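Single-structure report; data block below.
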C-alpha cells in the first residue's frame with residue numbers, strides 16, 4: 001500500500017503535537033513539584049519551631065523530617081534533601097541560637113535519614129520496601145548522629161551552657177552516663193533509634209494518606 005505525501009505530513013504533524021503535549025505535561029509536573037517542595041519546606045520549618053517536652057536535656061522529638069520524607073518518597077531523594085536544606089537555612093537565618101552550627105548538624109543528621117529512606121523506597125521493587133527503607137534510614141541516622149553529636153553538637157551545647165558538667169547534669173536520670181562518650185552512647189543513640197522509628201511510622205502513614213493527592 002502506497003503512502004501519500006499528505007499522510008506523511010499528517011503523521012509528522014501528529015508526532016509534533018504529541019511531543020508538544022508531552023513537553024507541556026513535563027513542565028506542568030516540574031512546576032507542581034517545585035510548588036509542593038516549597039510548601040513541604042515551609043511546613044517542615046514550622047514543625048521545627050514547635051518544641052516537644054525534652055527527652056534528655058536538649059533532645060526533643062519533632063515532626064520536621066516528615067515533610068522531607070513525603071517529598072523524598074514522591075519526587076526522589078534530591079527533593080527530600082532540598083526540603084531539609086531550605087528548612088535549616090530559614091532556621092539559621094531567622095531563629096538560630098547556635099550561630100547556624102546547630103542547623104548544620106540537624107541538616108547532616110536529617111539527610112542521613114531522608115536520603116537512604118527515599119532512595120531505597122524509589123529504587124527497590126519489593127512489598128517490604130518501606131520497612132527496609134526506614135530500617136536502613138534509622139541505622140544511617142544513628143551512625144551519623146553519633147559522629148555529629150560527638151564532634152559538633154555536644155561540644156557546642158557544652159560551650160553554650162557553661163561546660164560539659166551542665167550538659168551531663170541534664171542526663172543525670174541515667175546513672176551510666178559519666179562523660180561525653182557515654183552521654184551519646186546511652187542517652188542520644190537510643191533517642192535517635194526511637195526518633196527513627198517514630199519518624200518512619202508517622203511518615204509511612206502520612207505518605208499513604210497523601211500519595212494519590214501528590215501523584216508520585
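Within the range 53-141, the percentage of alpha carbon pairs spaced more than 15 angstrom apart rounds to 60%. Mean silhouette area of the range 69-115, derived from the convex hull of its C-alpha atoms and averaged over all directions, reads 2.8 nm².
Sorted from longest to shortest, the spans of the Cα atoms of the range 32-214 along the three principal axes equal 50, 36, 25 Å. A straight chain from residue 179 to residue 165 at 0.36 nm per residue would run longer than the Cα-Cα distance by 4.2 nm. The percentage of C-alpha pairs in the range 124-216 whose separation is greater than 20 Å is 50%. To the nearest µm²/s, what D does Stokes-Einstein give for the range 111-165 at 20 °C and 1.002 mPa s, using the Kirkwood radius over alpha carbon pairs as Rh? Taking Rh from Cα pairs, D becomes 170 µm²/s.
Where a number appears in this text, it was derived from the coordinates with a stated rule and is not lab data. Model, not experiment: these values are computed from the prediction.
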